[in-house]
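Report on the structure given below.
The values are calculated or read from the model by the stated rules, or taken from the named source; none is laboratory data. All figures in this text were calculated on a predicted structure; none of them were measured in a lab. We place every Cβ from the backbone using ideal geometry, glycine too, and count neighbours over all the protein chains shown. In case anyone asks, the SASA skips ligands and DNA or RNA and just uses the protein heavy atoms, side chains included. Shrake-Rupley method; radii C 1.70, N 1.55, O 1.52, S 1.80 Å.
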Amino acid sequence: MDSWSRRKAGVARAVEGVVKRRKHVVLVGLDGSGKTTVLTRLKYRCFVSTTPTIGFNHEKVWGGGYRWSCWDVGGGERLRPLWSSYTRATDGIVFVVDSAAPDDLMEEARVELARVLKKSRASSVQLGIPSPPLLVLANFQDQVAARTAQGVALSLGLGEAGGVVWAVAPVCALTGEGLDTAMASLRTLIDKVRQDARRRDRWR
Ligand SMILES: Nc1nc2c(ncn2[C@@H]2O[C@H](COP(=O)(O)OP(=O)(O)OP(=O)(O)O)[C@@H](O)[C@H]2O)c(=O)[nH]1
Ligand SMILES: [Mg+2]
């Protein structure tokens, strides 16, 4: 191989390495919970005004020191059936919640989250891969009425999210507060799920 071809191969390997390290995550949650604001905040590091998402958005972003390929799917009622095609075989599910929402909206979020986790578990079993971890972003922490991370976990019934590794992170997409810490904790969860699966395979 001449020096030009060697250099080309080196660059190709480096690009492949970067792409491999980039994890694939899906943002879901009720309409108005702040998914697109989270995505644009991670992408542009500033507040960007949004309109309701009709369909989806996709961006490659940095968050918590890691690279992400991030899908943001609209949360309107008619779009929710689409969520499961995005959460299939993803590295992580990010469920965004308005922590200051009234109880009936939290209940709606609980039902939708349970549905998305059930579908994700079923497709992971079908594909023979571990269920992706769940990160709940307890958004709208700038609001006086915002529930704490523990309050959000309780309202969403996360104690019953059987078999799914999860965490809740308090964030404010408006200011970006908490988002990098949240994405770093998601990466820890993804690595944990992978390590546990490798360990289980070794013992089989
Ligand atoms: N005060 C406050 N407002 C927020 C926060 N995050 C998002 N918003 C606002 O909430 C509104 C809805 O945000 P979006 O990001 O469009 O919500 P979405 O989840 O993408 O909604 P759909 O696309 O309809 O599913 C916007 O006016 C945002 O500026 C937050 O942490 N605090
Ligand atoms: Mg949106």
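Pairs are defined by a Cβ separation below 9 Å, a sequence spacing of at least 6 or placement on different chains, a first member in the range 47-59 that is more than 13 Å from Val73 (Cα to Cα), and a second member that is within 12 Å of ligand 2 (Cβ to nearest atom) and assigned to a loop (DSSP other than H, G, I, E, B); the pairs so defined are Phe47/Ala173; Thr50/Gly34. For the range 91-130, the candidate set comprises residues that are at pLDDT 95 or above and assigned to a loop (DSSP other than H, G, I, E, B); within that set, the residue that is most open to solvent (accessible area, probe 1.4 Å) is Pro102.
Of the residues making up the range 63-89, those that are away from ligand 1 (no atom under 11 Å from the Cβ) and surrounded by 19 or more Cβ atoms within 10 Å (Cβ to Cβ) are Gly63, Trp68, Cys70, Trp71, Tyr86, Thr87. Selection of the range 178-203 for residues being more than 16 Å from Val136 (Cβ to Cβ) and without any contact (Cβ under 8 Å) to a residue 40 or more places away in the chain yields Asp191, Gln195, Arg198, Arg199, Arg200, Asp201, Arg202, Trp203. Looking at the range 36-59, is at least one residue open to solvent by less than 10 Å² (accessible area, probe 1.4 Å), among the small types (Gly, Ala, Ser) and within 12 Å of ligand 2 (Cβ to nearest atom)? Scanning the range 36-59 turns up no residue that is open to solvent by less than 10 Å² (accessible area, probe 1.4 Å), among the small types (Gly, Ala, Ser) and within 12 Å of ligand 2 (Cβ to nearest atom). Scan the range 156-177 for residues that are in a strand (DSSP E or B) and of a type outside the set (Phe, Trp, Tyr) and jot them down. If the condition is that a residue be in a strand (DSSP E or B) and of a type outside the set (Phe, Trp, Tyr), then Ala167, Val168, Ala169, Pro170, Cys172, Glu177 are the ones that fit. Of the residues making up the range 165-184, those that are aliphatic (A, V, I, L, M) and crowded, with 20+ Cβ neighbours inside 10 Å are Val168, Ala169, Val171, Ala173, Leu179, Ala182, Met183.
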